[in-house]
1. Please work out the C-alpha center-to-center distance from the stretch 139-167 to the stretch 59-117 and express it in whole Å.
2. In which sequence would 42, 259 go, from the one with the fewest C-beta neighbours within 10 Å to the one with the most?
3. Using r as the Cβ-Cβ distance of residue 163 and residue 118, and R0 as 22 Å, what FRET efficiency do you calculate, to the nearest 0.05?
4. State the extension gain, in nm to one decimal, for the chain segment bounded by residue 31 and residue 127, taking 0.36 nm per residue of separation less the distance between their alpha-carbons.
5. Arrange 200, 184 by Cβ neighbour counts within 10 Å, fewest through most, would you?
6. Each label point is 7 Å from the Cα along the Cα-to-Cβ direction; what then is the distance between the points at residue 153 and residue 43, in nm?
7. For n ≥ 4 DSSP H runs only, could you compute -39500 (n - 2.57) per run for the chain, divide by its residues and tell me the 222 nm figure to the nearest 500?
8. Semi-axes of the equivalent ellipsoid for the stretch 164-307, please: Cα gyration tensor eigenvalues, times 5, square-rooted, ordered largest first, whole Å.
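Only the coordinates and a few stated rules stand behind these numbers; no lab work does. Because the structure is predicted, anything quoted here is derived from the model rather than measured. So basically every Cβ, Gly included, is an ideal-geometry build from the backbone, and we count neighbours across all protein chains shown.
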Ligand SMILES: [Zn+2]
C-alpha cells in the first residue's frame, strides 16, 4: 500500500516530493525556521516557475560575499548575461582569507584569492569591486567570529555603490543559505535599500551551500556548463579536495532534472526572483522568525545579532 502511495505521489506531485527530499537531505541549521516561514508565506514563493528572462538585464550587480560564490551559484547565467552584452559588476564583500585554503595562512590566502578573482575578471572582462573585509572565522563549522555585518560602514558603502550603478537586477546569495557571510550580505543589502527611495529593481537570490526550498526561476545552462567548469578553475585554491566542483555539478544536474527535463541530461541554475519590496519584506519576515527561535537556540546567534 505504501509503495502505491509513494508511486502515486511521485507521479502527480514530483516537484513537491523532490523538494521535500532535498530539504531533508541537505540539512539547514535553521530548518524549522524555514519551514515555519514558508508555511506562513507560501503564496509569495509558490509562483509558476519560469525560465529566466534575460531581456532587460542591463546594469547587473552581482553580490558575492566570497570570491568564487558568483561562479558556483550562477557561473552559467553570468556567461549568458555576457553573451547578451549586459553590463555586469561583481562586488566581492570579503577577501575569503579564512576560507578553504587547505593549510595556507590567512594573510597569504587573501592575496591568492584576490588574484584568482582578478584573473577571472580579466578573462571575462568583468567590472569588479573588492571590499576586502575578512570573512567569518569558523571552528568545526560553527561561526566563532564574524566581520561582515550590517554596521554603518558596510551599509553606507552599499548605498554608495547602488547609487553609482543603479542596477536593474541585483543577484545575491540566498538568505536560506547557512553561511553566516551569505546571510549577512542580505542584511546589508536590505538596510541599504531602505535608505534609497528612488530606485526599483529585481533581486535574484542564488544558491551556494543550501538548496533554495522553492525556487521560482530556473536557467538552463546546459550549453554553458563546460565553460562554467572552466570559470571555477580560476579559483584553484578552493578546489583541492574536489568538494566544490562536486557540489556545483550535483546541484546543477538536480535542478535540471527537477525543473526542466527529468529525462534529458543537462544542467540548470535555480533562483528566487523578487521585486525589491517583496525581497525586503520576506527577508525581514524570515529574520523575525529566526530572532524568535534564536532565543532558545544559540546556533542561530551569528545570524540574528546586529552590528
Ligand atoms: Zn561564499
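1. Value for the Cα centre distance between the two parts: 15 Å.
2. 42, 259
3. Values: r = 25 Å, r/R0 = 1.14.
Efficiency, rounded to the nearest 0.05: 0.30.
4. Numbers: separation 96, 0.36 × 96 = 34.56 nm, distance 3.60 nm.
31.0 nm is the gain from fully extending residue 31 to residue 127.
5. The fewest-first ordering by Cβ neighbours comes to 200, 184.
6. 4.4
7. -15000 deg cm²/dmol
8. On the way: eigenvalues 161, 76, 50 Å².
Gyration-tensor ellipsoid for the stretch 164-307: 28, 19, 16 Å.
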